[in-house]
Amino acid sequence: MSSRERILGRVRRALAAAPQDDMPFEQAFSRDYLREHGERGVEQTVDLLAENLADYRAIVHRCTAADLAATIAGMLAARGSKTVVVPTGLDPGWLAEAETEQVPDRAESTPQELDRVDSVVTACAVAIAETGTIVLDGGPDQGRRRITLVPDHHICVVRVPDQVVSSVPQALERLDPARPLTWISGPSATSDIELDRVEGVHGPRTLEVVLVDGQASTEVTT
Amino acid sequence: MSGTFVGMPVFPPPAHPAFPQAAHEAVNNPTLRGNLRHATHTIRAKRAKAVAEVSDWAELREAGKRIKDHTLLHLDRYLEQVEESVTAAGGIVHWAADADEANRIVAGLVKETGESEVVKVKSMATQEIGLNEALEAEGIRAYETDLAELIVQLGKDRPSHILVPAIHRNRGEIRDIFTREMSEWGRPAPEGLTDTPAELAEAARLHLREKFLRAKVGISGANFVVAETGTLVVVESEGNGRMCLTLPETLISVVGIEKIVPTWRDLEVFLQTLPRSSTAERMNPYTSTWTGTTDEDGPKTFHLVLLDNGRSDTLADEVGRQALRCIRCSACLNVCPVYERAGGHAYGSVYPGPIGAILSPQLRGTASEIDASLPYASSLCGACYEVCPVAIDIPEVLVHLRERVVQGGPVTREGNKVVLKPAKGHAAERAAMRAARWAFARPGALRTGQRLASRTRRFHPRTLPGPGGAWSDTRDLPPVPAEPFRDWWQRTQGQNGGNGDRGAAK
Ligand code: SF4
């Protein structure tokens with residue numbers, strides 16, 4: 001007997017005496033919990049996102065679409081970044097004013113090569129106000145998972161308000177489980193040394209989030 | 001609190017002495033006790049605040065309980081669905097009936113790649129089966145990549161008894177360990193390393209990075225597996241999880257069969273309750289989800305090892321099976337007065353605290369002294385139940401397991417029904433009694449009126465008048481045991497002249 005059969009057999013015997021109900025899962029219980037917490041207008045939701053991002057020590061910037069290129073260029077310059085990884089589908093306009101050398105996200109790059117790059121700029125799939133979370137889904141304007149992991153400085157652009165949801169349930173509705181997702185809430189952290197919180201062990205130690213206003217949904221689709 | 005795998009701290013494989021003996025080290029070490037107390041109290045207060053932020057906590061908790069119960073009652077169906085969906089997404093599914101089989105499978109898969117080292121993100125399932133030791137025996141070096149684990153590994157040490165596995169090390173010691181040992185294992189510590197936590201974290205970052213960047217094989221567990229989509233979820237803090245999940249070419253995930261949730265949507269419950277219960281955050285820094293393999297992004301090969309190792313036996317127990325709802329958040333540890341004094345090692349398993357006291361004796365059976373004593377390692381104060389995000393009635397299961405130890409009765413072991421002999425008069429009973437005395441007879445464990453009330457309700461009839469009635473919404477009170485625990489306790493205590501500690505020194 002294979003272990004598969006053995007385990008399934010044990011499970012079935014374990015459940016033999018259990019009451020059998022064939023009610024479909026979604027009817028078996030009601031989801032009484034809230035779809036979101038509190039009532040907020042669009043602007044308040046964006047404000048809450050900014051507040052919660054900052055609370056988990058992301059650096060938050062807000063600008064208009066017209067100022068985005070200058071904002072990003074300023075951030076890269078302030079950081080002193082010489083190189084920046086760029087996902088293939090990122091709007092080229094976003095980096096139009098940056099003098100930093102651009103490194104395309106390529107399958108052939110080795111992790112060691114990525115480790116020598118200073119910064120990465122990406123878009124995101126959705127941002128969650130209640131938890132201060134940005135979610136990446138590997139879309140063309142976000143790139144492979146590793147490019148937002150190995151470089152030490154991540155600039156993530158969130159188009160507000162259309163990419164912002166209030167809550168975790170609303171975010172899951174928008175996300176495609178078939179895509180590899182990375183949920184990011186502030187820079188990585190540890191409290192393993194005398195319970196002191198230290199930002200950044202392995203992920204980017206600096207997370208800067210740009211909330212860009214007034215930009216219509218772009219044509220970038222996945 | 002431990003940085004990587006959000007949730008429970010991980011402890012080494014079974015320590016053999018029965019419960020109260022193993023607790024002595026923690027009890028007699030004032031620094032350790034102070035640190036443990038500080039850690040549990042800090043996180044306890046933070047958790048309460050994080051939970052209070054969401055007005056529908058009770059509903060989320062109830063939904064979490066129901067989703068898990070439903071899954072467990074149809075586990076055969078969901079296991080088959082997981083196999084189907086993971087396979088369809090490009091993953092390869094393996095089934096492991098026990099620890100040995102799981103270790104054999106993983107070692108074989110690593111060997112197939114031709115590699116002799118792997119990077120690991122801390123996982124309770126792999127600790128439970130002793131995977132690192134098994135790989136070592138096959139000539140494969142497993143690098144734990146969590147910061148606390150690194151401190152422990154470099155210090156040639158064991159994780160301490162507590163919430164943060166390396167809390168028995170202060171910053172000066174960590175600096176010394178890094179300076180002395182890092183060069184032996186790879187990249188040396190930077191020149192002139194000081195003892196500030198940020199510099200120490202930086203040293204760890206550089207040291208481990210070298211290993212991440214060259215790693216070809218990653219090993220993980222998972223917090224959840226979604227049956228309908230075949231998606232795995234890992235919740236963490238430091239980013240070493242992401243490193244292990246995305247940089248290697250081959251990823252092997254070892255996951256207990258109880259980790260399944262039916263639908264993608266179910267994550268909306270657990271991704272709200274787990275971080276708040278665990279690290280008391282609105283959301284942990286990183287959560288990764290993946291479904292099979294993705295072209296040109298992350299591992300090219302993905303193996304899922306489904307692990308039974310006593311879970312189906314636990315499922316056979318109508319009362320005890322609720323322990324399989326556990327999402328390993330560790331909230332029950334942080335509120336437990338017994339855990340606070342005893343420390344994690346005392347529980348003799350990778351699963352410490354209240355959940356360990358009900359899970360280990362079910363996964364492993366109650367034949368050994370440690371496993372027979374665990375159900376007694378509690379004052380039944382009920383605080384664990386109150387904080388549990390999936391409403392596991394730990395006191396109910398403890399009472400049930402106590403009956404089983406004392407009276408014997410039918411249980412399932414490795415899929416077979418067997419009848420346990422009563423422990424009466426045996427070493428197991430004496431071990432249990434000592435644990436009971438330890439947990440029960442000390443003042444600290446019994447304080448606070450509300451908890452005392454929830455404890456005594458265990459020995460009352462099913463209907464509870466007055467304020468206790470509120471409990472009955474989410475629970476069925478257990479019937480009074482044939483030999484109430486207290487009578488049993490008094491009987492055995494009397495037999496031994498009321499001195500369990502003397503009996504312990506054997
Ligand atoms: S038993 Fe409940 S509180 Fe304890 S670790 Fe499991 S889920 Fe968390």
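Residue-by-condition table, conditions (1) in contact with a Leu (Cβ under 8 Å, 6 or more places away or on another chain); (2) closer than 30 Å to B:Glu414 by Cβ; (3) among the basic types (Lys, Arg):
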site	(1), (2), (3)
A:Arg4	no, yes, yes
A:Leu8	yes, yes, no
A:Gln27	no, no, no
A:Glu39	no, no, no
A:Gln44	no, no, no
A:Leu48	no, no, no
A:Arg62	yes, no, yes
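Give the range A:53-75 a look and list any residue that's in contact with a helix residue (DSSP H, G or I) (Cβ under 7 Å, 6 or more places away or on another chain) and either at pLDDT below 95 or farther than 12 Å from A:Glu208 by Cα (or both), or say none.
Residues satisfying the conditions are A:Cys63, A:Leu68, A:Ala69.
Please work out which one of (1) buried (at least 22 other Cβ atoms within 10 Å of the Cβ); (2) under 30 Å from A:Ser166 (Cβ atoms); (3) among the polar types (S, T, N, Q) is the condition A:Thr64 fails and give its number.
(1)
Filter the range A:130-147 down to the residues that are closer than 14 Å to A:Trp183 by Cβ and more than 8 Å from every other protein chain (Cβ to nearest Cβ) and list them by number. Break it down stepwise before answering.
Within the range A:130-147, the subset closer than 14 Å to A:Trp183 by Cβ is A:130-138, A:142, A:145.
Passing the criteria: A:Ile134, A:Val135, A:Leu136, A:Asp137, A:Gln142.
If you check B:Val110, B:Val82, B:Val119, which single one turns out to be more than 9 Å from chain A (Cβ to nearest Cβ), within 30 Å of B:Ile140 (Cβ to Cβ) and touching a Cys at 6+ places or on another chain (Cβ under 9 Å)? So that I can check it myself, show each step before the final result.
Details: B:Val110 fails: touching a Cys at 6+ places or on another chain (Cβ under 9 Å); B:Val82 fails: touching a Cys at 6+ places or on another chain (Cβ under 9 Å).
Among B:Val110, B:Val82, B:Val119, only B:Val119 is more than 9 Å from chain A (Cβ to nearest Cβ), within 30 Å of B:Ile140 (Cβ to Cβ) and touching a Cys at 6+ places or on another chain (Cβ under 9 Å).
Pick out the one residue from B:Leu232, B:Leu274 that is more than 9 Å from chain A (Cβ to nearest Cβ), under 25 Å from A:Tyr33 (Cα atoms) and within 17 Å of the chain's Cα centre (by Cα). It would help to see each step written out before you state the result.
Values: B:Leu232 fails: within 17 Å of the chain's Cα centre (by Cα).
Matching residue, one of B:Leu232, B:Leu274: B:Leu274.
If a residue must be touching a Pro at 6+ places or on another chain (Cβ under 6 Å) and at pLDDT below 95, how many such residues does the range A:20-41 contain? Before you say what the answer is, go through the steps one by one.
So the first thing to find is which residues in the range A:20-41 are touching a Pro at 6+ places or on another chain (Cβ under 6 Å), and the list is A:25, A:35.
Adding the requirement that they be at pLDDT below 95 leaves A:25.
Number satisfying all stated conditions: 1.
Could we say that B:Glu403 is more than 30 Å from B:Arg282 (Cα to Cα), part of a loop (DSSP other than H, G, I, E, B), more than 16 Å from the ligand (Cβ to nearest atom) and not β-branched (Val, Ile, Thr) here?
Values: more than 30 Å from B:Arg282 (Cα to Cα): yes; part of a loop (DSSP other than H, G, I, E, B): no; more than 16 Å from the ligand (Cβ to nearest atom): yes; not β-branched (Val, Ile, Thr): yes.
No; evaluated as a whole, the condition is false for this residue.
It is to be established whether one or more residues within the range B:199-208 are assigned to a strand (DSSP E or B) and within 21 Å of A:Pro187 (Cα to Cα).
We begin by selecting, within the range B:199-208, every residue assigned to a strand (DSSP E or B); these are none.
No, the range B:199-208 has no match at all.
Out of the range B:213-254, which residues are part of a strand (DSSP E or B) and surrounded by fewer than 24 Cβ atoms within 10 Å (Cβ to Cβ)? Give the steps one after another, and end with the answer.
Within the range B:213-254, the first condition is being part of a strand (DSSP E or B), and the residues that meet it are B:217-220, B:224-226, B:231-236, B:250-254.
The answer is B:Phe224, B:Val233, B:Thr250.
Among the residues of the range A:148-193, write down those that are among the acidic types (Asp, Glu) and more than 7 Å from chain B (Cβ to nearest Cβ).
A:Asp152, A:Asp162, A:Glu173, A:Asp176
In the list B:Gly353, B:Gly343, which residue meets the criterion of being under 30 Å from B:Arg47 (Cα atoms), away from the ligand (no atom under 13 Å from the Cβ), modelled with pLDDT under 95 and buried (at least 24 other Cβ atoms within 10 Å of the Cβ)? If you could, list the steps in order and put the result at the bottom.
Values: B:Gly353 fails: away from the ligand (no atom under 13 Å from the Cβ).
On inspection, the qualifying residue turns out to be B:Gly343.
Condition test on B:Asp313, is it away from the ligand (no atom under 16 Å from the Cβ), under 19 Å from the mean Cα position of the chain (by Cα) and either more than 7 Å from chain A (Cβ to nearest Cβ) or surrounded by fewer than 24 Cβ atoms within 10 Å (Cβ to Cβ) (or both)? Explain how you work it out, then say what you get.
Values: away from the ligand (no atom under 16 Å from the Cβ): yes; under 19 Å from the mean Cα position of the chain (by Cα): yes; either more than 7 Å from chain A (Cβ to nearest Cβ) or surrounded by fewer than 24 Cβ atoms within 10 Å (Cβ to Cβ) (or both): yes.
It is true that B:Asp313 is away from the ligand (no atom under 16 Å from the Cβ), under 19 Å from the mean Cα position of the chain (by Cα) and either more than 7 Å from chain A (Cβ to nearest Cβ) or surrounded by fewer than 24 Cβ atoms within 10 Å (Cβ to Cβ) (or both).
Could you list, in sequence order, all residues of the range B:47-76 that are more than 7 Å from chain A (Cβ to nearest Cβ) and either aliphatic (A, V, I, L, M) or within 13 Å of B:Thr263 (Cα to Cα) (or both)?
Those that are more than 7 Å from chain A (Cβ to nearest Cβ) and either aliphatic (A, V, I, L, M) or within 13 Å of B:Thr263 (Cα to Cα) (or both): B:Ala48, B:Ala50, B:Val51, B:Ala52, B:Ala58, B:Gly64, B:Ile67, B:Lys68, B:Thr71, B:Leu72.
Listed residues A:Ala98, A:Ala65; which is more than 13 Å from chain B (Cβ to nearest Cβ), among the aliphatic types (A, V, I, L, M) and in contact with a Gly (Cβ under 8 Å, 6 or more places away or on another chain)? First the steps, then the outcome.
Numbers: A:Ala98 fails: in contact with a Gly (Cβ under 8 Å, 6 or more places away or on another chain).
Going through A:Ala98, A:Ala65 in turn, just one is more than 13 Å from chain B (Cβ to nearest Cβ), among the aliphatic types (A, V, I, L, M) and in contact with a Gly (Cβ under 8 Å, 6 or more places away or on another chain): A:Ala65.
Kindly indicate the residue of the range A:9-54 that is within 21 Å of the chain's Cα centre (by Cα) and polar (S, T, N, Q) and also nearest to the other protein chains (Cβ to nearest Cβ) among those meeting that condition.
Per the stated criteria, the residue is A:Asn52.
Using beta carbons and a limit of 7 Å, which pairs, at least six apart or on different chains, have the first residue in the range B:385-405 and closer than 15 Å to B:Lys65 by Cα and the second one within 12 Å of the ligand (Cβ to nearest atom) and among the acidic types (Asp, Glu)?
Within 7 Å, the pairs are B:Tyr385/B:Asp393.
State the number of residues belonging to the range A:106-129 that are more than 10 Å from every other protein chain (Cβ to nearest Cβ), assigned to a loop (DSSP other than H, G, I, E, B) and at pLDDT 95 or above. First the steps, then the outcome.
Taking the range A:106-129 as the starting set, the residues that turn out to be more than 10 Å from every other protein chain (Cβ to nearest Cβ) are A:109, A:116-127, A:129.
From what is left, the residues that are assigned to a loop (DSSP other than H, G, I, E, B) are A:109, A:116-118, A:123-125, A:129.
After this cut, where a residue has to be at pLDDT 95 or above as well, the list is A:116-118, A:123-125, A:129.
Summing the residues that are more than 10 Å from every other protein chain (Cβ to nearest Cβ), assigned to a loop (DSSP other than H, G, I, E, B) and at pLDDT 95 or above in the range A:106-129 gives 7.
A:Arg40 fails exactly one of the following numbered conditions: (1) in contact with a helix residue (DSSP H, G or I) (Cβ under 7 Å, 6 or more places away or on another chain); (2) in a loop (DSSP other than H, G, I, E, B); (3) over 22 Å from A:Asp162 (Cα atoms). What is the number of that condition?
A:Arg40 satisfies every listed condition except (3).
Condition test on B:Ser368, is it among the hydroxyl-bearing types (Ser, Thr, Tyr), surrounded by 24 or more Cβ atoms within 10 Å (Cβ to Cβ), more than 16 Å from the ligand (Cβ to nearest atom) and modelled with pLDDT under 95? Talk me through it step by step, then tell me what you get.
Numbers: among the hydroxyl-bearing types (Ser, Thr, Tyr): yes; surrounded by 24 or more Cβ atoms within 10 Å (Cβ to Cβ): no; more than 16 Å from the ligand (Cβ to nearest atom): yes; modelled with pLDDT under 95: yes.
Considered against the rule, which asks whether it is among the hydroxyl-bearing types (Ser, Thr, Tyr), surrounded by 24 or more Cβ atoms within 10 Å (Cβ to Cβ), more than 16 Å from the ligand (Cβ to nearest atom) and modelled with pLDDT under 95, B:Ser368 comes out as no.
Can you tell me how many residues in the range B:262-291 are in contact with a helix residue (DSSP H, G or I) (Cβ under 6 Å, 6 or more places away or on another chain) and farther than 22 Å from B:Cys388 by Cβ?
Within the range B:262-291, residues that are in contact with a helix residue (DSSP H, G or I) (Cβ under 6 Å, 6 or more places away or on another chain) and farther than 22 Å from B:Cys388 by Cβ number 2.
Give the range B:277-297 a look and list any residue that's in contact (Cβ under 8 Å) with a residue 40 or more places away in the chain, at the interface with another protein chain (Cβ under 7 Å from one of its Cβ atoms) and surrounded by 23 or more Cβ atoms within 10 Å (Cβ to Cβ), or say none.
Of the range B:277-297, the ones in contact (Cβ under 8 Å) with a residue 40 or more places away in the chain are B:277-282, B:284-293, B:297.
If we keep only those that are at the interface with another protein chain (Cβ under 7 Å from one of its Cβ atoms) too, we end up with B:282, B:284-291, B:297.
Residues satisfying the conditions are B:Asn284, B:Pro285, B:Tyr286, B:Thr287, B:Ser288, B:Thr289, B:Trp290, B:Thr291.
Only one residue in B:Ala137, B:Ala89, B:Ala99 is more than 20 Å from B:Trp290 (Cβ to Cβ) and crowded, with 18+ Cβ neighbours inside 10 Å. Which one?
Numbers: B:Ala137 fails: crowded, with 18+ Cβ neighbours inside 10 Å; B:Ala89 fails: more than 20 Å from B:Trp290 (Cβ to Cβ).
Criteria check complete, one pass: B:Ala99.
The values are calculated or read from the model by the stated rules, or taken from the named source; none is laboratory data. In this text the structure is predicted, and so the values were computed from the model without any measurement. Positions of Cβ are backbone-derived with ideal geometry, glycine not excepted, and every protein chain shown enters the neighbour counts.
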